[in-house]
Amino acid sequence: MKKYHIWTIGCQMNVADSTHVGAELEKLGYEPTDIIDEADVLVLNTCVVRQSAENKALGKLGALKPWRLQHPQRTLALMGCMVGVRPSPQLLSAFPWVDVFMAPSEAGPLVSHLRNRMTARELKEIEEKQLALRHQLQDEAWPIASLKHLSLAGETPVAAYAPVVYGCSHACTYCIIPFRRGIERSRPLAEIVAETRGLVAQGVREITLLGQIVDRYGYDFDGQRPNLVDLLEAVHEIDGLWRIRFLTSHPSYMNDALLEAVARLPKLMPHIEVPIQAGDDEVLARMKRGYTAEDYRRLVARIREIIPDVAIHTDIIVGFPGETAEQFQRTYDILEALRLEKTHLARYSPRPGTVSARRMKDDVPDEEKRRRHQLLEAQHQRISAELNRRWLHETVEVLVEERHKGKWRGRTPQNRLVFIEDDRDLRGRLLDVHITWTGPWSMQGVAADRLTRARNVSTGLTLH
Ligand code: SAH
């Protein structure tokens, strides 16, 4: 049996892209493996959003040189944002041991490469197998995304991702993604529903719909329909799917209809990812984000008004070119005032081709970026710990995902991590959990149906 291995780094979109590559390779008769030396095909799915991510991919590419060159029959494919829409001549010549260069979300070049190397007989066999499979399956069950390479230990992920908008046509001045992922393209609704059905058939219970600006889903269709609300309603119909999330939202495209849909549809989780990036209007304008700090404040108030118990997550970049100490303080202050549930922090890193890299000086010293990052991290830790405390002694619903260091790990509707000690197999179960401990990054609890026992144990009573 021919084998493949996929190494994925970066965002959730890459994880989803890798499931598409997996499905295509399986249609060609390949099976996943965890052992690189067993693989005939190796795919590196890369990220360049910050220099640190790019360095990891470069390291891996170097390390794989002998893997490929000592075995001429193997195939090494480089995919993702390191390649971009069209690989640069520099990239092609820097890594001559790479066989195939694939744009983000495009498995096509690898499929053609492998097909070209097959004999006529092999091709015919594959075509016959595919035809038989198509006959056997209803058309909508035709595999679009495969989780097999993520399930090698025998445990299929409970939560998965499905891209709904590819690319991005916004031009945030710091961001390399539009250059590497191309213009914004929404996927047809039916295809997303079919993909999600397929994932549910593989055991998935929670789906996260992905887009760089997910709330722009459908803006590129005639009449701008179906939109994200239509899509959420359609995905909501899928039997066996219990939870739906979507990310990342851009503040300018979040509207009441969307927020009301989240509040109305029971499978939609009260969890919104909507980056602010900076709390100072001048910095926001130079980032070309298209909103002010006050707009963002109003949006947060609106989200909280419409969706009960909502958790709002945000992204921040510290040390954007020209960001003064005073401007940074505004970011600190707005986060202090808004008390959001989660903040993803990044230090500004100039990316090739972006407006900020070409026209603005990266003038905040590294040390100062680090200092600002640490200040926000400490603030985040404090606020998160305070917010989590409110769940102490409450009962929350947890979707259990996996075993981690002797405990079960799952998430609440608000995407809070919960660890549960339990000797049963809880994987993929939706449980009521009584929270017994909270910290800034996670909570611990006991399954409600085991509560009496746990209480008795903790009060020293024995059970008979
Ligand atoms: N389109 C999404 C995701 C963009 S990338 C969005 O609008 O948020 C994810 C995060 O990486 C961004 O939100 C931003 O905080 C960070 N990021 C992007 N470019 C960066 C850069 N050049 N330097 C540092 N952080 C960056």
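Let's see how each residue does on (1) in contact with a Gly (Cβ under 8 Å, 6 or more places away or on another chain); (2) assigned by TED's automatic domain parsing to the domain that holds Q374; (3) polar (S, T, N, Q):
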{"position": "R243", "(1), (2), (3)": "no, yes, no"}
{"position": "S252", "(1), (2), (3)": "yes, yes, yes"}
{"position": "D256", "(1), (2), (3)": "no, yes, no"}
{"position": "V262", "(1), (2), (3)": "no, yes, no"}
{"position": "L268", "(1), (2), (3)": "no, yes, no"}
{"position": "G279", "(1), (2), (3)": "no, yes, no"}
{"position": "R286", "(1), (2), (3)": "yes, yes, no"}
{"position": "R289", "(1), (2), (3)": "no, yes, no"}
{"position": "I303", "(1), (2), (3)": "no, yes, no"}
- In the stretch 260-309, how many are among the acidic types (D, E) and more than 16 Å from the ligand (Cβ to nearest atom)? 6
- Pairs where the first residue, in the stretch 267-285, is closer than 12 Å to T208 by Cα and the second is within 13 Å of the ligand (Cβ to nearest atom) and open to solvent by 10 Å² or more (accessible area, probe 1.4 Å), C-beta under 7 Å, 6+ apart: E273/L247; E273/T248
- Note on the structure: Of those in the stretch 198-214 that are in a loop (DSSP other than H, G, I, E, B) and within 16 Å of the ligand (Cβ to nearest atom), the residue most open to solvent (accessible area, probe 1.4 Å) is Q212
- Item | Complete set of residues in the stretch 215-241 that are surrounded by 20 or more Cβ atoms within 10 Å (Cβ to Cβ) and in a loop (DSSP other than H, G, I, E, B) | Y217, G218, N227
- Which of the residues belonging to the stretch 310-349 are within 14 Å of the ligand (Cβ to nearest atom), within 18 Å of Y296 (Cβ to Cβ) and open to solvent by 60 Å² or more (accessible area, probe 1.4 Å)? K342, H344
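Conditions tested, residue by residue: (1) in contact with a helix residue (DSSP H, G or I) (Cβ under 6 Å, 6 or more places away or on another chain); (2) not in a loop (DSSP other than H, G, I, E, B).
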site: N55; (1), (2): no, yes
site: G62; (1), (2): no, yes
site: L76; (1), (2): yes, yes
site: P87; (1), (2): no, no
site: W97; (1), (2): yes, no
- Could you list, in sequence order, the residues of the stretch 142-193 that are farther than 24 Å from L231 by Cβ, basic (K, R) and away from the ligand (no atom under 12 Å from the Cβ)? K148
- Within the stretch 354-376, residues being outside any helix (DSSP H, G or I) and open to solvent by 30 Å² or more (accessible area, probe 1.4 Å) number 5
- Query: For the stretch 254-285, how many residues are assigned to a helix (DSSP H, G or I) and open to solvent by less than 60 Å² (accessible area, probe 1.4 Å)?
  - Reply: 9
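The values are calculated or read from the model by the stated rules, or taken from the named source; none is laboratory data. Remember, it's a predicted structure, so these values are computed and weren't measured experimentally. Backbone-built Cβ (ideal geometry, glycine too); neighbour counts: all protein chains shown. SASA here: full protein model, heavy atoms, side chains in, ligands and nucleic acids out. Shrake-Rupley method; radii C 1.70, N 1.55, O 1.52, S 1.80 Å.
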